[in-house]
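Novice: Okay, handing you the structure first.
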Amino acid sequence: MKFKLPASLLLMGMLSGLLIGCTSGSQNGGQSETDNGSTNTAVAKTETYWVAPERVACQGIVPMQCLVVNKVVDGKTSGWQYFYNDIAGFEYAPGSFYKLSVETTEVANPAADASSLSYKLLAEMDKKQNHYADNTMLTESRQWNLKQLTGLGDVNPMMLERPAYISIAGDRLSGFSGCNNFFGQVQHLFEDEQVKNSLLKLGPIGSTLMACADPNGNAVEQKLQQALAVVNAIQVQWPFLNMYQNDELMIQFVAEDWD
């Protein structure tokens, strides 16, 4: 499965001049010199970023591979964005979410072909494969029953003799898809209250191979496994667990223990 971002962000990625903006933080003055020897006043700020586990193809002045970052402002994430610059001192390796403290410097009169911002790593604050909310409801002991699934037509997944469901926690998921049990790996997950701030990538789904006599169960199973292969964002709005492909709601589960 390819790493994807919300549709609004994909459109933003076509703007070659996109740069990460500034947030509040400690400030200090400095100076830099241009190629012609003149001195520019520089303003430095300390910012906090989450960096996603994979680079993404993007279009700057030339095609390139961008980091994807989520800025932390007043303790809250602000949404994933393409990052067109380098962070000096940051040794990036794919596969983990990084939380970084970064010094951002803005130069008043940069060279014509240079960015107006430069970035330097101050500290690597965290590094993890998955980032769950402190009060996460995604636990091994919770079962989420399938309530809504795109592409099912008139089939109601809640009317199956045995409900389809999922359990997701840590780096694993498991469940029942309508006819067979399934299991898989959570390659990476970033949980946030806002859909635009979350990320999800699931590994290949394996399952048992029992024949299915119930046509409705078979339809649910096929569509559910197809949807799990493409979802890339996740949101818990109790009692619902929602999974999205970009901005489209693909799957909705309801907690079995909600009432």
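No lab work stands behind these numbers, since they all come straight from the coordinates. These numbers come from a predicted model, not from an experiment. Neighbour counts are summed over all protein chains in view; Cβ atoms, including those assigned to glycine, are modelled from backbone coordinates with ideal geometry.
Novice: Any aspartates and glutamates with Cα under 20 Å of the K128 Cα? List them, leaving off those in the same chain fewer than 8 positions away.
Specialist: E47, E54, E91, E140, D171, E191, D192, E193
Novice: How high is the relative contact order of the range 144-255? Use alpha-carbon pairs under 8 Å, at least six apart in sequence, and give a whole percent.
Specialist: It comes to 28 percent, rounded to a whole number.
Novice: In addition: Of the peptides 221-227, 83-89, how do they stack up when ordered by the mean number of other Cβ atoms within 10 Å, highest first?
Specialist: Going by the mean number of other Cβ atoms within 10 Å, highest first, we get 221-227, 83-89.
Novice: Can you list the lysines whose alpha carbon is less than 18 Å from that of K120, not counting same-chain residues fewer than 8 positions off?
Specialist: Leaving aside lysines fewer than 8 places away in the same chain, those within reach of K120 are K45, K71, K99.
Novice: What is the spin-label model distance, in nm, from V62 to T139 if the labels are put 7 Å beyond Cα along the C-beta direction?
Specialist: 5.2 nm
Novice: Quick one: go through the range 175-189 and flag any residue whose amide nitrogen is under 11 Å from the point 7 Å out along the Cα-to-Cβ line of E54.
Specialist: What the label zone holds, given the 11 Å backbone N cut-off, is 187-188.
Novice: Can I ask one more? For the pair Q129 and D247, how long in nm is the line joining their label points, each one 7 Å along Cα→Cβ?
Specialist: It works out to 3.3 nm between the two label points.
Novice: Ok, one more. Determine Rg/Rh for the range 144-255; Rg is computed over alpha-carbon atoms and Rh is the Kirkwood hydrodynamic estimate from the same atoms.
Specialist: Radius of gyration over Kirkwood radius for the range 144-255 works out to 0.94.
Novice: Could you sort 149-157, 48-56 so that the peptide with the highest average Cβ count within 10 Å comes first and the rest follow in order?
Specialist: Going from most to least packed, we get 48-56, 149-157.
Novice: Mark the label point 7 Å from the Cα of E256 along Cα→Cβ and return the residues of the range 133-148 whose backbone N is within less than 14 Å of it.
Specialist: Counting only backbone N, you get 139-147.
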